[in-house]
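The values are calculated or read from the model by the stated rules, or taken from the named source; none is laboratory data. Quantities reported herein were computed from a predicted structural model and do not represent experimental measurements. Note: ideal-geometry Cβ built from the backbone for every residue, glycine included; neighbour counts use all protein chains shown. SASA here: full protein model, heavy atoms, side chains in, ligands and nucleic acids out. Shrake-Rupley method; radii C 1.70, N 1.55, O 1.52, S 1.80 Å.
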Amino acid sequence: MRRITILGATGSIGQSTIDLIARNPDAYVIEALTGGHSVETLARDAIRLNAKCAVTAHADRLQDLRAALSGTGIAAAAGPAALIEAADRPADWVMSAIVGAAGLAPGLAALKRGATLALANKESLVCAGPLVMAEAARSGARLLPVDSEHSAVFQALLGEKMESVERVILTASGGAFRDWPLADLARATPEQAATHPNWSMGQRITVDSASMFNKALEVIEAHEYFGISPDRIEVLVHPESLVHALVGHVDGAILAHLGAPDMRHAIGYALHWPDRCDLPVARLDLAEIATLNFRRPEMARYPALEIAQRVMQRGGLSGAVMNAAKEVALDAFLDRRIGFTDMVPLVSRVLDRLDRDSGALDAEWCLEHVLAADQMARSYASEALGAAAGAEQKAGIS
Ligand code: NDP
Ligand code: MG
């Protein structure tokens, strides 16, 4: 029987993972499930899957979690340290599906003890790619990509030599505003940004798809995971979201990965790797689909892609800074404190400022330094937001 832990079990990826596991419950022992605010869902699934423990990220939700689990014998815990303890439990396969930089430390804890880590949390590689890859190499842990594009590249590379790879092409749906007039983007609302044309995902990644910050993170993720230089990673807008990625070789051949836009494919692939098992995903009828479209992303619409290039050129801790500033910018947009088109300039300003601080981005690789850069970027981003709000108020008064 395989021992499984799911970090971020109450989210979109976590729930899809549970959907697959619950179809064959006798094959798995569930060591731990973790969640955040949704303790009812967490408790329901912990009971359904007979998990050994359930952990919420938030101390103020522990009482509710305990109440929901009372009489079941399932242990309950809360807080960031408890998340790391959950990742430390002896599961052989750990799904890393917490959203944001909060997923880094628990994922690293699982890697440190040599577990297979199915990585949906792309922020881990964006913030700390060299650290994550070094930890996996040191402990012998297997890191399997779950992001659909990276799972697609991983599959297209099976049996190939990296020396023959000329380029990797990641596809992007283009998000909610793909066909909007550029002039309207500044007025886009969080509700409009949170509707994805093809994929059903968590709210944050859906808005990141509209801004292309999601693809910006994924370009960095591909660079870190596959060790491909930035100039050999391309992004193509592909409105149908059926081709997830393509790998171009030196002989001109391009290998593409196609599938329905359903994350249970990439999750199931990582769950059963190196085997392939029957998965409950739709089969494509290519004759019915008939046409696939591709186009280059317009930089005026998707300036976040330029930020990814900047981060890869700069290196060091700039990925952690970009991600943290992006998380603050996204919160501000979701709270209607800034507009949709204000997010990229805010992230850019924070990168500028930390770039000027001597040594801030060039500290040696360790979790403490990554978290320090993350915190510094968050406070600079909040400061910049506060200054902008103050200036606006003043202008309103005068
Ligand atoms: P969701 O927002 O749906 O779920 C996030 C999960 O993380 C929930 O379990 C949530 O708990 C938990 N969580 C939120 N904040 C914290 C915190 N501070 N500490 C600990 N746990 C926390 O996200 P998704 O499932 O969409 O995405 C998860 C990860 O997978 C992201 O990194 C995303 O980029 C990546 N990914 C997602 C894809 C998708 O299709 N959804 C595709 C490819 C990658 P709760 O909800 O209980 O508060
Ligand atoms: Mg993706």
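Structure summary
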{"item": "Candidate set: the range 88-100, residues that are under 14 Å from the mean Cα position of the chain (by Cα) and surrounded by fewer than 24 Cβ atoms within 10 Å (Cβ to Cβ); chosen: the one nearest to ligand 1 (Cβ to nearest atom)", "result": "Val99"}
{"item": "Those residues of the range 10-65 which are open to solvent by 10 Å² or more (accessible area, probe 1.4 Å), within 21 Å of Ala82 (Cα to Cα) and hydroxyl-bearing (Ser, Thr, Tyr), in sequence order", "result": "Thr10, Ser38, Thr41"}
{"item": "When residues of the range 119-159 are limited to those that are more than 10 Å from ligand 1 (Cβ to nearest atom) and among the charged types (D, E, K, R), the one surrounded by the fewest Cβ atoms within 10 Å (Cβ to Cβ)", "result": "Arg138"}
{"item": "Close pairs from the range 191-212: first touching a residue at least 24 places away in the same chain (Cβ under 8 Å), partner of a type in the set (Asp, Glu) and more than 6 Å from ligand 1 (Cβ to nearest atom), Cβ under 8 Å, at least 6 apart", "result": "Asn198/Glu240"}
{"item": "Residue in the range 321-333 that is more than 22 Å from Ile205 (Cβ to Cβ) and either in contact with a Cys (Cβ under 9 Å, 6 or more places away or on another chain) or of a type in the set (D, E, K, R) (or both) present", "result": "no"}
{"item": "From Ala384, Ala395, Ala389, residue being open to solvent by 40 Å² or more (accessible area, probe 1.4 Å), in a helix (DSSP H, G or I), over 21 Å from Ala102 (Cβ atoms) and in contact (Cβ under 8 Å) with a residue 24 or more places away in the chain", "result": "Ala389"}
{"item": "Residue tally, condition within 26 Å of Trp365 (Cα to Cα) and open to solvent by 10 Å² or more (accessible area, probe 1.4 Å), over the range 327-343", "result": "2"}
{"item": "Of the criteria (1) under 30 Å from Ala136 (Cα atoms); (2) surrounded by fewer than 22 Cβ atoms within 10 Å (Cβ to Cβ); (3) more than 11 Å from ligand 1 (Cβ to nearest atom), which one Gly202 fails", "result": "(3)"}
{"item": "Filtered residue count, the range 120-168, keeping only those that are assigned to a loop (DSSP other than H, G, I, E, B), within 16 Å of ligand 2 (Cβ to nearest atom) and either under 16 Å from His238 (Cβ atoms) or not polar (S, T, N, Q) (or both)", "result": "4"}
{"item": "Residue within the range 70-85 that is open to solvent by 20 Å² or more (accessible area, probe 1.4 Å), within 20 Å of the chain's Cα centre (by Cα) and closer than 30 Å to Pro261 by Cβ present", "result": "no"}
{"item": "Residue list for the range 169-203, restricted to those being within 16 Å of ligand 2 (Cβ to nearest atom), assigned to a loop (DSSP other than H, G, I, E, B) and not aliphatic (A, V, I, L, M)", "result": "Ser173, Gly174, Gly175, Arg178, His196, Pro197, Asn198, Trp199, Ser200, Gly202"}
{"item": "Considering residues of the range 212-227 that are open to solvent by less than 10 Å² (accessible area, probe 1.4 Å) and more than 9 Å from ligand 2 (Cβ to nearest atom) only, the residue nearest to Val347 (Cα to Cα)", "result": "Phe213"}
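For every residue, the table says whether it meets (1) touching a helix residue (DSSP H, G or I) at 6+ places or on another chain (Cβ under 6 Å); (2) closer than 30 Å to Arg353 by Cβ.
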| position | (1), (2) |
| --- | --- |
| Leu258 | no, no |
| Ala290 | no, no |
| Ile307 | yes, yes |
| Arg310 | no, yes |
